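The values are calculated or read from the model by the stated rules, or taken from the named source; none is laboratory data. Everything numeric here is computed off the predicted structure, so don't read it as measured data. Neighbour counts run over all protein chains shown; Cβ positions are idealised from the backbone, glycine included.
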């Protein structure tokens, strides 16, 4: 099924479900009102007949609470389906090219990274902005880290995981909708820090003291009710004793409550997401491995999180003044709840970071699975250990419109270096970013924008954009030299696919020509693989001297006083430049 068709059908499906649930909610509201009115009328009518009135009142309260519970469930279901509508509507908008108002990920931009600054990985209109579907902050960070990882190990495992998630559109959307229903304010990193630094303040006696104290309270109240204890003020004295015991730890409990209040929503959200992960059947090695990481013996991580959420909610109830006075005075409730929280932290606090990591992983891979689903015509690269580094047919840029995109074949062997020339706006820079994204996407395990691709995994490093820095007191030329020196150093340690765009722009043409030639010769001597785009046709002479260097170009033609581009990669050297023509055409000269 076409992805957009799927999304349109599910928008209609969930809209119908929201409408149905709305009608049921209205029915339950009317029923609740009727139960309230009938119960009130019954109490009034049989006020003097306690044998009838009390059972009727109890029945009315029970029925009212049942209807309220059902109404709450329906309200949650409606909110869930509304979230699903929003998810599917978003996918339709993104498919139509309307994604520029989404998170651009500019905070992940790193000028010193291997390639992130050069290939529009982050920022407005970036690949990150197009692909990101994460719903929690940690998942967003995980996705950004995956894009920047430059990791060529276990690619097949990542491919299989993405392929499997691709085939689970409903599960992916349920995961996102569930996550979107809970708003959290405290980052997981801050929670983990708190769990690791918390120091227990309650002694082990709190394991049984609240229980014994509560039993004595019930006994005193019972004996007073039945007249065995004839002095009711004893209850008051006992209440003060309980408040005194609780007061010993009041300050530390207040600090604990302040911390737990910030994390309650996060644990509730993660419990629901862990439940979805645990109850899904996965087959790919990576997803099964991640699923196993959230097992804690015979207990599920989701159940452990749910239990902790209950402890946190119970401690939060201390904000009710009347409940706090009688709960602490008669049952030591704050001590009981605080002790349970501390024991949970002792037992599971060290494992929380691992469980959070799994949730973040699935949140990030949810985006990757969605991307694969949205591009059924893209192909997963065939991974090889020998042969060409990239051998792709109809390779294109994944962010360009399918109807306008012009694709080219590419075959570059290990230790080959391409020199690409071409007129302005002919497609050189787009081609460099196309090849760069092919490598990044292939290394992540994603399908690439090509009819087919055979790929020998390799890391990527680029130098396409350089800027001067007033802060670092460095000129444009020095910044570029620093980048080129960085490239020379790293290729001594590992194999990289090098992509360069018009290097040494910060110096005069003679120096540029000489320097560019020497730099390419050095890279070839280092057995490097890569591509350099340039306007300097003299650099193409290197092909005659070095067997591993090949010339390619993008052409431009002037037909009837208009520029025409075919955006096709061709072997050879560009002969048609267009700067003079454009200057004249725009009346600049």
Are there any pairs with C-beta distances below 8 angstrom linking a residue in the range 30-52 that is in the same structural domain as residue 66 (by TED's automatic domain parsing) to a residue that is assigned to a loop (DSSP other than H, G, I, E, B) and surrounded by 12 or more Cβ atoms within 10 Å (Cβ to Cβ), with the two at least 6 apart or on different chains, and if so which?
-> 52/46
Select from the range 381-397 the residues that are within 23 Å of residue 133 (Cβ to Cβ) and surrounded by fewer than 23 Cβ atoms within 10 Å (Cβ to Cβ) and list them in ascending order.
-> 397
Taking the stated definitions as given, is residue 550 more than 38 Å from the chain's Cα centre (by Cα), at pLDDT 90 or above, on the phi < 0 side of the Ramachandran plot and assigned to a strand (DSSP E or B)?
-> yes
Only one of 373, 365 is surrounded by 23 or more Cβ atoms within 10 Å (Cβ to Cβ) and either at pLDDT 95 or above or closer than 22 Å to residue 130 by Cβ (or both); which?
-> 365
Hey, residue 7 surrounded by 14 or more Cβ atoms within 10 Å (Cβ to Cβ) and assigned to a helix (DSSP H, G or I) or not = yes
Here are 141, 182: which of them is in contact (Cβ under 8 Å) with a residue 12 or more places away in the chain and outside any helix (DSSP H, G or I)?
-> 182
Test residue 437 against the criterion of being crowded, with 23+ Cβ neighbours inside 10 Å, out of contact with any strand residue (DSSP E or B) (no Cβ under 7 Å at 6 or more places or on another chain), in the same structural domain as residue 556 (by TED's automatic domain parsing) and modelled with pLDDT of 95 or more, and give yes or no.
-> yes
Condition test on residue 129, is it without any contact (Cβ under 8 Å) to a residue 40 or more places away in the chain and surrounded by fewer than 19 Cβ atoms within 10 Å (Cβ to Cβ)?
-> no
Pick out, from the range 263-338, the helices (runs of 4 or more DSSP H) lying fully within it that include 2 or more residues that are touching a residue at least 24 places away in the same chain (Cβ under 8 Å), under 21 Å from the mean Cα position of the chain (by Cα) and crowded, with 19+ Cβ neighbours inside 10 Å.
-> 285-292, 301-316
What are the pairs, 6+ residues apart or on separate chains, where a residue within the range 227-254 that is assigned by TED's automatic domain parsing to the domain that holds residue 325 has its Cβ under 9 Å from a residue that is surrounded by fewer than 16 Cβ atoms within 10 Å (Cβ to Cβ) and modelled with pLDDT of 90 or more?
-> 238/216; 249/201; 252/201; 253/201
